[in-house]
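Below is one structure, written out as structure tokens, with a few remarks after it.
The values are calculated or read from the model by the stated rules, or taken from the named source; none is laboratory data. On a predicted model such as this, the values are computed, not experimentally measured, just so you know. Here the Cβ is made from the backbone with ideal geometry for all residues, glycine too, and neighbour counts use every protein chain on show.
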């Protein structure tokens, strides 16, 4: 798989990553964990002040039946668009793609202070059954055929931690996120890289990249460590960075 969009992209965020402390200790990607990520964005070639533009907390809770529950809490701040939040509970199958079976979500948008702008709140839900996906967004309901393989952008934070960094078969699926379904997605191992000495103050970490490409998305690279823990997700001019101090493994 083409790796030209991979490790060089992290160089854009070297000022942020020079203070990164890699996690240590045991980690079971298939166990119970809660991760917190900070979102950073490059604007005109620089990291703006304040640098943190958002935060994601995602928790994975294995179920006795073999499935998992993913609890998602995401907040993004924009100077002009205000604060956007997304909170969801997703019941997933215990398979390679953490296939979503049932979910509930709340999306809110609070614009910057302005007398003519209003806040927005929208409830969402969905479930898979009888060969269809029933998706509810506010008062609108949509019925879609179930793809042969599908997942969501949030579930991929779980999926990549259970992939083999030595390579293996690519995952092919349809992606469901905030917009229309995005088919022809491919997620596969692309390269291993040592960050130490890559730039002054670079963390002493060996990372393994998994590149995702497909219809309707910017190429994304998920970077995990030797234990499989997801440290960074770089996508275009954005990067999610694991907040080691705020994350927990059980």
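A few notes on this one:
- In region 55-92, the residues that are more than 18 Å from the chain's Cα centre (by Cα) and farther than 25 Å from residue 138 by Cα: 62, 63, 64, 65, 66, 67, 79
- Residue within region 237-248 that is under 26 Å from residue 46 (Cβ atoms), in a helix (DSSP H, G or I), touching a strand residue (DSSP E or B) at 6+ places or on another chain (Cβ under 6 Å) and modelled with pLDDT under 95 present: yes
- Residue within region 106-120 that is at pLDDT 95 or above and either within 23 Å of residue 148 (Cβ to Cβ) or buried (at least 16 other Cβ atoms within 10 Å of the Cβ) (or both) present: no
- Filtering 56, 12, 17, 39 for residues that are more than 22 Å from residue 74 (Cα to Cα) and touching a strand residue (DSSP E or B) at 6+ places or on another chain (Cβ under 8 Å) leaves a single hit, 12.
- Criterion: at pLDDT below 90 and surrounded by fewer than 14 Cβ atoms within 10 Å (Cβ to Cβ) - qualifying residue of 82, 94, 66, 45: 45
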